[in-house]
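Chemist: There's a structure below that I have some questions on.
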Amino acid sequence: MTLLIKAGLVFTGRDEIERGWVLVKHGVILEVGSGDPPQAGEVVDEPNCVALPGLVNAHDHMYQWATRGYAPDGTLFEWLRTLYPIWARLDAGIVRAAARAAMARLLLSGCTLSTDHHYVFPRGQAGIFEALVESARELGLRFHPCRGSMSLGEAKGGLPPDSVVEDEDAILAHTEEMIGRFHDPNAGSMCRVVVAPCSPFSVTPQLMRDSAALARKHGVRLHTHVAETRDEEAFCLEKFKLRPVELMEDLGWAADDVWYAHGIHLNDAEVARLARSQTGIAHCPSSNMRLGAGACRVSDLVRAGARVGLGVDGSASNEDANLAMEAHQALLLARVSGGPAALDARGAWRLATQGGADCLGRDDCGSLEAGKCADVACFRIDDLAHAGIKDALAGLALAPPARAETVVVGGRVVVRGGRLLTADEDEIARELTAVSARLAG
Ligand SMILES: [Zn+2]
């Protein structure tokens, strides 16, 4: 069974093909071309759309869909202290409802591959990680769930209350179990597990070291938050006498199997060292602006040759999960300090596609070319927001689309006509309202 996706313009990540097409078989791209298309079993014809490689979300906390709108004017640490006690009441049902909302929203924004960094496992609550994996399977999203963790509670000088931290041996044992059950290292994989202690201020250095050893034993990737705020920098300098990036380098966390969320407060030497070690950065512009955390040095990092992708971050600090919007935000934010040459639209789309795939270690995703996964997002350019626009790719970044028209993941059509085909959007919204109210108490 073959699938043919035709579009007014196909952006492969490198080339722009007028009236182009993508031919797919068994979830993989067979050929990308222009002119008369080959015959196919199923045809998706979008003459009024631009087809892009499916967008990649390199940082998220999907459970946070159930706690949007809290501490709307707080700094990161104020916001976290407000939310930790609420997150302590999470269970698998809440996480499932929130994750379905997050994944639906991501798919509708053209995202086909997403990570999720889940680090809250309240004592006695089983099935949380499983709920994330099952939701991705149900909705048809290519998924890299991170088994996150917190072990450094207030009693030991950390930020989170002791009620939300776990025992380190239990964290490592559960992480290894999740790798064994769900990690698929093969090309075209729909699920790869990541090891992800939460941050330097919520886990011990020993857990960072042990997590890195566990990940490398199993050949899985590592992810954590680094250099998000000045408060974190002050914490690391006081407690460890090291800047956050120096601390992570000391712990064996500067390598091409690691990517950090944020990487905002970097000096010139750190930018160069991250590029040299090929440690990835997931830039989350909406969250960074919402929390007033600062602006990632995206153009400096890209110029230095670093791996940079985009993330929506948890929607308690974004209130949405629209990856096309993050390409727009990244474009504008880079220009605030760097001028209009800091980042162009094509560069922003590359961050949102290939850049994210590089962070996640997916050499089979991120572009439209033969042999890659058939992950494609089509955006309308004949709607009111974009009709008549001179440069469609620039237009879609400067005036971001509300929704993708068609989204294909691994050759499966999951969004058509701007509607999700794999789940009922209204039911997801109703469930989200109910669990959000339950959690609010
Ligand atoms: Zn985060």
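The values are calculated or read from the model by the stated rules, or taken from the named source; none is laboratory data. Here the structure is a predicted model, which means the values were calculated and not measured. Methodologically, a virtual Cβ is constructed for each residue, glycine included, from the backbone with ideal geometry; neighbour enumeration extends over all protein chains shown. Ligands, DNA and RNA are stripped out before the accessible areas are found, and what is left, the full protein with its side chains, is counted by its heavy atoms. Shrake-Rupley method; radii C 1.70, N 1.55, O 1.52, S 1.80 Å.
Chemist: Which whole-Hz couplings ³J(HN,Hα) result when phi for each residue of the range 152-158 is put into the Karplus expression 6.51 cos²θ - 1.76 cosθ + 1.60, θ = phi - 60°, listed in order with x for Gly and Pro?
Modeler: Here the 3J(HN,Hα) series is 9, x, 4, 4, 9, x, x Hz.
Chemist: Sticking with this one: Run the dipole for the range 197-310 about the Cα centre, Lys and Arg Cβ at +1, Asp and Glu Cβ at -1, nothing else charged, and hand back the magnitude in debye, nearest 20.
Modeler: Charge dipole of the range 197-310: 240 debye, to the nearest 20.
Chemist: Based on the Cβ-Cβ distance from A170 to D391, what FRET efficiency comes out when R0 is 51 Å, to the nearest 0.05?
Modeler: E between A170 and D391, to the nearest 0.05, is 0.45.
Chemist: Once the Cα atoms of helix 76-87 and of the chain are each reduced to a long axis, what angle between those two axes, in degrees from 0 to 90 to the nearest 10, is obtained?
Modeler: Around 90 degrees separate the two axes.
Chemist: Quick one: helix 268-277 against the long Cα principal axis of the chain, what's the angle to the nearest 10°, folded into 0 to 90?
Modeler: Between the helix axis and the principal axis of the chain, the angle is about 70 degrees.
Chemist: For T433 and A155, compute 0.36 nm times the residue count separating them, minus their Cα-Cα distance, and round to one decimal in nm.
Modeler: Length difference between fully extended and current span is 96.6 nm.
Chemist: Follow-up. Restricting to the chain, what percent of DSSP beta bridges are antiparallel, rounded to 5?
Modeler: Here the share of antiparallel DSSP bridges comes out near 45 percent.
Chemist: Where is the GNM fluctuation largest for the chain (alpha-carbon springs, 10 angstrom cutoff): D313, D382, D15?
Modeler: D15
Chemist: For D231 and A399 in one chain, what is 0.36 nm times their gap in residues minus the Cα-Cα distance, to one decimal in nm?
Modeler: Contour length minus the Cα-Cα distance gives 57.1 nm.
Chemist: Still on this structure, please answer the following. Just to compare against my own numbers: the Cα pair-distance distribution for the chain, 20 Å bins, whole % per bin, please.
Modeler: Computed distribution, short to long bins: 28, 59, 13, 0.
Chemist: Work from the charge dipole of the chain (Cβ charges, +1 for Lys and Arg, -1 for Asp and Glu, about the Cα centre) and give the residue of V271, V32, A423 farthest towards its positive end.
Modeler: Of V271, V32, A423, it is V32.
Chemist: When only the heavy atoms of the protein chains count and the probe is 1.4 Å, how do F240, F121 rank by accessible area, highest first?
Modeler: Solvent-accessible surface, decreasing: F240, F121.
Chemist: As I understand it, the value is the acute angle between the Cα axis of helix 205-218 and the longest principal axis of the Cα atoms of the chain; what does it come to in degrees, rounded to 10?
Modeler: Between the helix axis and the principal axis of the chain, the angle is about 40 degrees.
Chemist: Could you work out the Kirkwood radius for the range 77-223, taking every pair of different alpha carbons, averaging 1/r and inverting it, reported in Å?
Modeler: One decimal place: 15.7 Å for the Kirkwood radius.
Chemist: Now, a different point. If the chain between R14 and R137 were fully stretched, how many nm would it gain, using 0.36 nm times the residue separation less the Cα-Cα distance?
Modeler: Difference between extended and current length: 41.3 nm.
Chemist: Might you report the magnitude of the Cβ-based charge dipole of the range 334-418 about its Cα centre, with Lys and Arg at +1 and Asp and Glu at -1, to the nearest 20 debye?
Modeler: 160 debye
Chemist: Right, here's the next one. For the range 50-149, divide the Cα radius of gyration by the Kirkwood radius and give the resulting Rg/Rh value with two decimals.
Modeler: Ratio value, two decimals: 0.99.
Chemist: Using a Förster distance of 30 Å, how high is the FRET efficiency between K239 and L332, based on the Cβ-Cβ distance and rounded to 0.05?
Modeler: Once the sixth-power term is evaluated, E becomes 0.25.
Chemist: Sort by residue number and report every cysteine in the chain with no other cysteine beta carbon within a distance under 4.7 Å.
Modeler: So, C111, C146, C191, C198, C236, C284, C296, C359, C365, C373.
Chemist: Now for a different question. Determine the dipole magnitude for the range 1-92: charges of +1 sit on the beta-carbon of Lys and Arg, -1 on that of Asp and Glu, nothing else is charged, the reference point is the Cα centre, and the result goes in debye to the nearest 20.
Modeler: So the dipole magnitude of the range 1-92 works out to roughly 340 debye.
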